[in-house]
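Derivation of every value follows stated rules applied to the coordinates shown; laboratory data play no part. Computed from a predicted structure; not experimentally measured. Glycine also receives a Cβ, built like all others from the backbone with ideal geometry; neighbour counts cover every protein chain displayed.
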Amino acid sequence: MSDPRELYQQVIIEHNKKPRNFGDLEPCTHQAHGLNPLCGDDIVLKLVVEDGLVKDIRFQGHGCAISKASSSLMTVNVKGRTQAEAEVLVEQFRAMIRGTLDVEHQAHDLGRLTLFSGVKDLPSRVKCAVLPWATLHSALHGEDTTSTE
Amino acid sequence: MTTAVLPLDVPGIRRDFPALTTPFHGKPLIYLDSAVSSLTPLPVVERMSRYQSFEHTNVHRGVSTLSQEATDRFEEAREKVRAFINAPSVKQIVWTRGTTESINLVAQTFGRRNVHAGDEILLSAMEHHADIVPWQLLAEERGATLRVIPMNDDGELILDGLDDLINERTRLVGVTHVSNVLGTINPVKEIIARAHAKGVPVLVDGAQAVPHLHVDVVDLDADFYVFSGHKLSGPTGIGVLYGKRELLEAMPPWHGGGSMILSVTWEKTTYAPVPARFEAGTPPIAQAIGLGAAIDYVTALGLDRIAAHEHALLAYATERLQAIPGLRIIGTAREKASVISFVLDGIHPHDIGSILDHEGVVVRAGHHCAQPVMTRFQIPATTRASFAYFNTREDVDALVSGILKVQEIFQ
Ligand SMILES: Cc1ncc(COP(=O)(O)O)c(C=O)c1O
């Protein structure tokens, strides 16, 4: 396992303390509720999508530093992108965590989200990092709830 | 502890647990998760291995010597369980897969027969999901209601209103002997007496009690007492349902199949007497024998000595953890077994668990299958350290330095 310090870098600690785009968003066009029954992590994600563009996105709920920072950085990266681009990010993020995308040697659009690449060495935490992304996927596909189980 | 007991030979005991002397993430393993499942000592592993290698065949079938001997070993283990909890008869010891299955068995047999629309089942506020969900399923099916014995901020049950909570509609009281989250040792003897005063039977969930306390089902006057092998230094896949004779005998079968019958025709089946009636199919034989060996092991160490050792560790750990700024212990009952749950300001238990894991310290982080307890204390989860007879003060020190490291990372 990698040293947890590599994962718990300043950026992640900072986003955990001061998550961006945290709060309610009404009215919204898309929303979903993500649950990790194993640990009780719980997020509600709301979006305003207009003309195929993610105009606004916010999340609420509680979870560990990994899931909170992942949610926070996700909102930052998705806001202002097209829905199609957001879906590509979802896929690339999942692939990175699964270990099928080598972020150092393969092309991707993840930018600072590669901070989470260390999660692939912590199998017990994979679901924490992926939960917001799975929830985003559900929201964009009109599903109300997502579970990591 | 008023009477002096000889201390445990902890270094000697630790040699029975190969995991404790094998590096883990390059460090010694500090196992503080016995409440989730205890490590299995070598004599138990070896006993199961001997059975599996040389003595194995099915039980209660056939006339071969091998089969007879396997049956004898299997039934000897049942006798060990009987003696361990002081049950009057081996006929009151039913093998199950564990605590969860034992409770489901009672809910689906006793419960289905006795719980009707409008009836109530009374559970304590600190039950494990295993002692909630089976009753919820039954209540939904029957149109019955679950009611709850509340607890205070220390994690002690509030028994003032108990006599009102138990009323003419109450069909069963379910209470955990020791809370797996809070460590609270509940006054089950008193609860049972007060339920019996109103003619209501009590099921005691002993999953966390049997590893730490002398349990005497007759002294408690428990109607049902359930536990799992794997929390008592034994293997997974085996558990026990103890029940009062007249209750077990009045209960209909649950799972049907081989071994639970007297005779079968196309028209009608007659059922075996208890406990066989509740043991359809091939049982977990090696596991039952392993549980018997585990009982021998802890009995030889001495439950009094185990309790004294764990109590001292709990006191030491409580003192050291309380001294950490920003740390709050959840569960501060006067009567506690060796379980400490805690929360750290601003740091989620999963992050604590991951970082401690890297330090070689294995704890549990989460809701511990007791979400109503989390709700009661308005927290999403806790980190829990639980101590067994092989743990030492050095283990507690490692936990403390691990926690300080977590706080440093999160500063
Ligand atoms: C108090 C309590 N009850 C029931 C259970 C369930 O035991 P098992 O999973 O062995 O069936 C546990 C295990 O965590 C427990 O601590």
For A:ILE43, work out the one condition from (1) more than 15 Å from A:PRO132 (Cβ to Cβ); (2) within 14 Å of chain B (Cβ to nearest Cβ) it doesn't fulfil.
(1)
Identity of the residue in the stretch B:388-411, assigned to a loop (DSSP other than H, G, I, E, B) and either at the interface with chain A (Cβ under 10 Å from one of its Cβ atoms) or within 15 Å of the ligand (Cβ to nearest atom) (or both), that ends up nearest to the chain's Cα centre (by Cα)
B:ALA388
(1) away from every other protein chain (no Cβ under 11 Å); (2) farther than 21 Å from B:PRO28 by Cα; (3) crowded, with 20+ Cβ neighbours inside 10 Å all hold for B:ALA385 apart from (2)
For the stretch B:312-360, how many residues are touching a strand residue (DSSP E or B) at 6+ places or on another chain (Cβ under 6 Å), within 12 Å of another protein chain (Cβ to nearest Cβ) and crowded, with 22+ Cβ neighbours inside 10 Å?
4
Within the stretch B:21-73, count every residue that is part of a helix (DSSP H, G or I) and under 23 Å from the mean Cα position of the chain (by Cα).
6
Go through the stretch B:224-256 and give me each residue that's part of a loop (DSSP other than H, G, I, E, B) and in contact (Cβ under 8 Å) with a residue 40 or more places away in the chain.
B:LEU232, B:SER233, B:GLY234, B:PRO235, B:THR236, B:GLY237, B:ILE238, B:LYS244, B:MET251, B:PRO252, B:PRO253, B:TRP254
Listing of strands (runs of 3 or more DSSP E) fully contained in the stretch B:299-367 that carry 2 or more residues being within 20 Å of the chain's Cα centre (by Cα)
B:339-344, B:364-366
Selection from the stretch A:118-149 of residues that are outside any helix (DSSP H, G or I) and within 14 Å of chain B (Cβ to nearest Cβ)
A:LEU122, A:THR148, A:GLU149
So is B:VAL81 within 16 Å of the ligand (Cβ to nearest atom) and either of a type outside the set (D, E, K, R) or within 14 Å of chain A (Cβ to nearest Cβ) (or both) or not?
yes
A careful count of residues in the stretch A:57-90 that are within 14 Å of chain B (Cβ to nearest Cβ), assigned to a loop (DSSP other than H, G, I, E, B) and not hydrophobic (A, V, I, L, M, F, W, C) gives 1
Which of the numbered conditions does B:GLN371 fail, given that it passes all the others? Conditions: (1) closer than 28 Å to B:LEU232 by Cβ; (2) at the interface with chain A (Cβ under 10 Å from one of its Cβ atoms); (3) buried (at least 21 other Cβ atoms within 10 Å of the Cβ).
(3)
